[in-house]
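What follows is a single structure, written as structure tokens, with notes after it.
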Amino acid sequence: MAVSIVRDAAFRLHLPGPRHPESPGRLGAIDEALATSSLELIEVPARPALSEELLRAHEASHLSALAETRGRSVVLDPDTRTSPGSYDAALLAAGGAIDLALGVAKGQVPPGIALVRPPGHHATADRAMGFCLINNVAVAARALIAAGLAERVAIVDFDVHHGNGTEAIFYADPAVLFLSTHQWPLYPGTGEAHRTGIGAGLGFTVNVPLPAGAGDAEILAAMEDRFAPKLRAFRPDFILMSAGFDAFVDDPLGGLVVTVEGFREIAKRHAALADELCGGRIAATLEGGYDLPGLGRSVTAFLEAWDR
């Protein structure tokens, strides 16, 4: 079998700064690792997300402000900057995440990962932050629902940083189950265990904060004990994964110690849950991961677990 990937040279034109950890070199490291693997890769082309697709997850004021950065270098916050190619890269990242999810849902392509930049899970409905401009996984989830391909979507986020933007977008939405493991305390300071949703969305957010030093055993236990029962009760029509590899043992921005084999097991377990619950319909979108050799090896191992 094979796995799907989304990649595009334009993702490397997002240049937030010469010493910024979210660099084009991340994608180069992944490409180098994939080139030495035995994986059969099905390329899903990226295309710019449409305004109507982005408006399902973002406010018009935010999208207008982002559009004003096109062709410009703008400091949006201390961590988040644009370069002349960033806005177009962000549109392609969102569109690529959408089309991968739709293609998997329709049975046109196998499960896989959108290898996109900039990442997305910190972007809220009205704000870019934490290296993120558009919330790629959120617009993909809403696209699946809008297309009638899913009534219920689960998002599993295993980035070392809490996906505050994704949580906020779906905090009152019972159609989307948001599940997150993350180091705490750590940027952005959200993701406490007591935060479980509000209104109709109460109970559809699950946060499992982990202390620095937690690794494979702890993250896999959280997924087995907390995530798997919730997923089985929710019975999603599709599982999306915010695939952040900065929980890696050598990552410079986090303090978790997940190994390459830990990421392989995360992928394996969620693919099995997708087989059990939603006909194998699962896809991932790249978030963090800043130790370049570890990132390449971890993404490759993750995809090897899906190459069935």
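Bear in mind these aren't lab numbers, they're just calculated from the coordinates by the rules spelled out. From a predicted model like this one, the values you see are computed outputs, not experimental measurements. Cβ: placed from backbone, ideal geometry, glycine included. Neighbour counts: every protein chain shown.
Among 14, 270, what is the fewest-to-most ranking by other Cβ atoms within 10 Å?
Values: 14 29, 270 26.
Exposure proxy ranking, most exposed first: 270, 14.
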Quiz item: Is region 155-308 rounded, prolate or oblate when judged by the Cα gyration tensor, a ≥ b ≥ c being the square roots of its eigenvalues, rounded requiring a/c under 1.5 and prolate requiring a/b larger than b/c?
Solution: oblate
Exercise. Under a 10 Å cutoff between Cα atoms, tell me which one of 229, 110, 209 has the largest fluctuation in the Gaussian network model of the chain.
Key: 229
Quiz item: Rounded, prolate or oblate: which fits region 131-204, taking a ≥ b ≥ c as square roots of the Cα gyration tensor eigenvalues, rounded meaning a/c under 1.5, else prolate when a/b beats b/c?
Solution: oblate
Quiz prompt | Top positive-direction residue, dipole computed over the chain with Cβ charges, set 134, 20, 158 | solution = 134
Quiz prompt | Residue exposure sequence - 126, 251, 225, 237 - by fewest surrounding Cβ within 10 Å | solution = 225, 126, 237, 251
Practice problem: Per DSSP H run of at least 4 residues, take -39500 (n - 2.57); add these up for the chain, divide by its residues and hand me the 222 nm value, nearest 500 deg cm²/dmol. | Solution: -10500 deg cm²/dmol
Exercise. Could you tell me whether the chain comes out rounded, prolate or oblate from its Cα gyration tensor? Rule is a ≥ b ≥ c as square roots of the eigenvalues, rounded for a/c under 1.5, then prolate if a/b exceeds b/c, otherwise oblate.
Key: rounded
Quiz item: Among 194, 162, 62, 20, which comes first, then next, by fewest other beta-carbon atoms within 10 Å?
Solution: 194, 20, 62, 162
Self-check item: Cβ-placed point charges (K, R +1; D, E -1), dipole of the chain about Cα centre in debye, nearest 20
Solution: 460 debye
Exercise. Taking the Cα centre of region 87-172 as origin, work out the dipole magnitude from +1 charges on Lys and Arg Cβ and -1 charges on Asp and Glu Cβ, in debye rounded to 20.
Key: 120 debye
Quiz item: What residue among 169, 282, 134 shows peak mean-square fluctuation when the chain is described by a Gaussian network model with Cα springs under 10 Å?
Solution: 169
Quiz item: Mean Kyte-Doolittle of at least -1.0 and a Cα length of 24 Å or more along the axis: which whole DSSP H helices of the chain meet both?
Solution: 86-105, 260-278
Self-check item: Max mean-square fluctuation residue, GNM over the chain, Cα-Cα springs under 10 Å, options 31, 157, 77
Solution: 77
Quiz item: Counting DSSP beta bridges with both partners in region 3-304, what percentage is antiparallel, nearest 5?
Solution: 10 percent
